[in-house]
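Colleague: Handing you this structure, nothing more for now.
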Amino acid sequence: MLSTLGSRRRVCHHRAMTAVADGPQRTDGRGARRSAAASSVLRAVLDEGPIARSTIARRTGLSAAAVTGHTAELLRRGLLRELPETGKRGVGRPHVPVDLDTGRHVAGALHVAVHHATVALLDLRGNVLVQHEEPHDGLAAEDLLARAAEILDDLLLGHAPDREPLGLGVATGGWVDRASGTVVDHPLLGWRDVPVRDLLTASTGLTVAVDGHARSLVHAERLFGHPRARDSVVQLFTGNVVDSAFATGATVHHGPRSAAGAVAHLPVDDSAEPCRCGRTGCLEATVSEATLARKAGLPFPELLALAAHGDSEAVRMFHDRARLIGQAAALLLDVLNPAVLVVVDRSIAVVPSCLPAIRDEVGARSRRLDSAETVVGTSFPGTELATAGGAVLLDLLYEDPSYFTNSQN
Ligand SMILES: [Zn+2]
């Protein structure tokens, strides 16, 4: 258990980084080009670090002088570090390799699931350094967010006392408006128009960014996960909340007020499960963890543990559910034709027959002939919720490294 000693906010005493006022939306052409160039340098180091400046120039198409300038700025801000020169002698600084400095900063992360919140710290490579699960049944939104801020504080003090928090990324299911940092509607949590970003900014003093968890996991796959996700990707999230996200190239589709990705009420075959919308046979009502738990008469984690140990009845339930998930995956695959479709589902990592069952169903329904290669599990099994939260923030960093500026400057 984490200490709850002292409820006074301490985050403000960390040397927190803050977002610059105009952030990534800067409009003047020169600033945008500078940001894009700094972004491509930082991403080249993420992908291939340790990497020599000369190699960065080759990979990014930037001039050697531009790479030197951006690298110097990223070094100064503690986002990169220089490694000792190896091998080649007498070729000068351009061959001194640089890498991400994963020891200087941390990204705070919060994911709000239906029954518990996950608070975590991630490094610049998206590795989860520590995560804490906090049950929150019965807590109002404001109280839960205040509690999450306290836990974040404890994690920073206990696990990263010497590191600078970049800020706090927040992800949840339902309808999340990234631009306003608001959870517009999350029926399973009972949240409507909750100003999450403003509440957490006030309680932590950190830069806070909020997005839907499926979209955020798209960012995570594109940055740290599946290589094909950079072409185009559909993310299908099947927990208690069931939703999705789609990206093509570098663009994650949001649509007006970020309402894209709602697949909860997609009809599935052979289901008479009543849904809160008044109809029967909706995807979320049919495959949600709560429905499976109710059918089994067991809490979901216990049912999952039984299946993991090979209990045939439990495995059969997950297998049947996987085929239903496969129905939705096949439809999304045909509508959006992505290079890869990522299913985020807790059963995939622990019940070996689940992913093959999803793929079989996709294969039987989709026009695509390559379902086995196209449908994959998440790259972050076991840390997907923490990763979803952290990626909201890390995506901003890699999109525009100048979004965050050191407060001591
Ligand atoms: Zn419905």
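The values are calculated or read from the model by the stated rules, or taken from the named source; none is laboratory data. Being a predicted model, the structure only gives us computed values, none of them experimental. Note that we place each Cβ from the backbone using ideal geometry, even for glycine, and neighbour counts take in every protein chain shown.
Colleague: Which one of these is within 27 Å of the chain's Cα centre (by Cα), at pLDDT below 95 and either buried (at least 19 other Cβ atoms within 10 Å of the Cβ) or more than 8 Å from the ligand (Cβ to nearest atom) (or both): 305, 293, 262?
Modeller: 262
Colleague: Now a separate question. Looking at (1) more than 15 Å from residue 214 (Cβ to Cβ); (2) away from the ligand (no atom under 16 Å from the Cβ); (3) surrounded by 14 or more Cβ atoms within 10 Å (Cβ to Cβ), which one does residue 268 not meet, given that it meets all the others?
Modeller: (2) is the only condition that residue 268 fails.
Colleague: Sticking with this one: Count, please, the residues in region 144-180 that happen to be buried (at least 21 other Cβ atoms within 10 Å of the Cβ) and part of a loop (DSSP other than H, G, I, E, B).
Modeller: Of the residues in that region, 2 qualify.
Colleague: Please tell me if residue 350 is surrounded by fewer than 23 Cβ atoms within 10 Å (Cβ to Cβ) and touching a residue at least 40 places away in the same chain (Cβ under 8 Å).
Modeller: Criteria met by residue 350.
Colleague: Could you check residue 284 against (1) within 15 Å of the ligand (Cβ to nearest atom); (2) charged (D, E, K, R); (3) surrounded by fewer than 19 Cβ atoms within 10 Å (Cβ to Cβ) and say which number it fails?
Modeller: Just one mismatch for residue 284, condition (3).
Colleague: Right, something else. Is it the case, given these coordinates, that residue 276 is over 24 Å from the mean Cα position of the chain (by Cα), within 29 Å of residue 179 (Cβ to Cβ) and not hydroxyl-bearing (Ser, Thr, Tyr)?
Modeller: Yes.
Colleague: So residue 27 passes all but one of these: (1) among the polar types (S, T, N, Q); (2) at pLDDT below 90; (3) surrounded by 14 or more Cβ atoms within 10 Å (Cβ to Cβ). Which condition number does it fail?
Modeller: (3)
Colleague: Could you list, in sequence order, all residues of region 184-211 that are basic (Lys, Arg) and farther than 23 Å from residue 387 by Cβ?
Modeller: 192
Colleague: Let me ask something else. Only one residue in 200, 217, 189, 236 is under 27 Å from residue 126 (Cβ atoms), out of contact with any strand residue (DSSP E or B) (no Cβ under 6 Å at 6 or more places or on another chain) and crowded, with 20+ Cβ neighbours inside 10 Å. Which one?
Modeller: 189
Colleague: Could I ask something else about it? Can you name the residue in region 239-250 that is in a loop (DSSP other than H, G, I, E, B) and within 16 Å of the ligand (Cβ to nearest atom) and is also surrounded by the most Cβ atoms within 10 Å (Cβ to Cβ) among such residues?
Modeller: 241
Colleague: A further question follows. Tell me the residue from 238, 204, 182 that is outside the structural domain of residue 111 (by TED's automatic domain parsing) and β-branched (Val, Ile, Thr), please.
Modeller: 238
Colleague: To continue, here is another question. Could you pull out the residue among 126, 108 that is in contact (Cβ under 8 Å) with a residue 60 or more places away in the chain and outside any strand (DSSP E or B)?
Modeller: 126
Colleague: List the pairs whose first member sits in region 282-303 and is assigned by TED's automatic domain parsing to the domain that holds residue 272 and among the hydroxyl-bearing types (Ser, Thr, Tyr), whose second member is within 14 Å of the ligand (Cβ to nearest atom) and part of a strand (DSSP E or B), and whose Cβ atoms are under 7 Å apart, counting only residues at least 6 apart or on separate chains?
Modeller: Every condition considered, the pairs that remain are 288/242.
Colleague: Does region 362-377 contain any residue that is touching a His at 6+ places or on another chain (Cβ under 9 Å) and assigned to a helix (DSSP H, G or I)?
Modeller: no
Colleague: Evaluate the following for residue 217: is it modelled with pLDDT of 95 or more, within 16 Å of the chain's Cα centre (by Cα) and under 19 Å from residue 264 (Cβ atoms)?
Modeller: yes
Colleague: Please go through region 322-347 and give me each residue that is among the charged types (D, E, K, R) and buried (at least 24 other Cβ atoms within 10 Å of the Cβ), ordered by number.
Modeller: 345
Colleague: Which of the residues spanning region 191-239 are of a type in the set (Val, Ile, Thr) and more than 30 Å from residue 326 (Cβ to Cβ)?
Modeller: 194, 196, 201, 204, 207, 208, 210
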